[in-house]
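Report on one structure; see the data block that follows.
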Amino acid sequence: MVITDPDLFKGRDPVGVCRAAVRGGATMIQVRWKDGTPSAVVELARALVDALPVPILVNDRVDIALAAGAAGAHLGWEDVPLTPLRPHLPAGFLLGISVGSADEAARAAGLPADYWSVGPCFTTPSKADAGPALGPEGFAALARLAPEDIPVIGVGGITAVNAPQIISGGAAGVAVIGAVLSAPDPESAARALAAAARA
């Protein structure tokens, strides 16, 4: 999963960058634009939905995801609670939840989430409030707490070098920001990550 960050596009077309990432092997895109206006985020999400053959998720905002025709939304603990939300969503709409501690894992285990995003796995400059890095062992410990049918995605400071440690710790996949968006060639960067995740 490639997570967007408007600061890292540096004047490049977001759709073009994400299209390159998908060519390289990204299987999902998450639109994360914390200070974007709702209309701008809807416009970007809709453009990605129209342009790409992979699921598009929207960070924090279920309403924007629905308005853009996105495949789902990724939520944190301060966003709309998943349990009362789920009955109002279309069939197949994906909901992800962030998990960063054993306490959050215990709470998440009873929620109707489709996947957990566990992290930060490593130190990351992309999210100032991410908390201390779990490391591979800490990630694996939290991944083991997920219900058997819930895939776990590692997030936070992941690169092609360290991704295999997270996959071997139980991750179904990884989510990245800088490893792809900061790269001069996003397609090659995504391809290297995809290969590392399969190794």
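The values are calculated or read from the model by the stated rules, or taken from the named source; none is laboratory data. Quantities reported herein were computed from a predicted structural model and do not represent experimental measurements. Neighbour counts run over all protein chains shown; Cβ positions are idealised from the backbone, glycine included.
Hey, could you check region 163-199 for residues that are assigned to a loop (DSSP other than H, G, I, E, B) and in contact with a strand residue (DSSP E or B) (Cβ under 9 Å, 6 or more places away or on another chain) and say which is surrounded by the fewest Cβ atoms within 10 Å (Cβ to Cβ)? So that I can check it myself, show each step before the final result.
Taking region 163-199 first, the residues assigned to a loop (DSSP other than H, G, I, E, B) are 169-172, 177, 182-185, 199.
Keeping just the survivors that are in contact with a strand residue (DSSP E or B) (Cβ under 9 Å, 6 or more places away or on another chain) gives 169-172, 177.
Values: G169: 22, G170: 17, A171: 28, A172: 15, I177: 24.
Among those that are assigned to a loop (DSSP other than H, G, I, E, B) and in contact with a strand residue (DSSP E or B) (Cβ under 9 Å, 6 or more places away or on another chain), it is A172.
Which fully enclosed strands (runs of 3 or more DSSP E) of region 17-89 have 2 or more residues being within 18 Å of L181 (Cβ to Cβ), in contact (Cβ under 8 Å) with a residue 12 or more places away in the chain and touching a helix residue (DSSP H, G or I) at 6+ places or on another chain (Cβ under 8 Å)?
Numbers: elements: 29-31, 56-59, 72-75.
In region 17-89, the matching strands (runs of 3 or more DSSP E) lie at 29-31, 56-59.
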- Note on the structure: Counting only residues in region 90-101 that are of a type in the set (G, A, S) and outside any loop (DSSP other than H, G, I, E, B), the one farthest from L142 (Cα to Cα) is identified as G96
- Return yes or no: is I150 surrounded by 24 or more Cβ atoms within 10 Å (Cβ to Cβ), assigned to a loop (DSSP other than H, G, I, E, B) and not small (G, A, S)? no
- Note: among G69, G25, just one is modelled with pLDDT of 95 or more, over 21 Å from S98 (Cβ atoms) and loosely packed, with under 15 Cβ neighbours inside 10 Å, namely G69
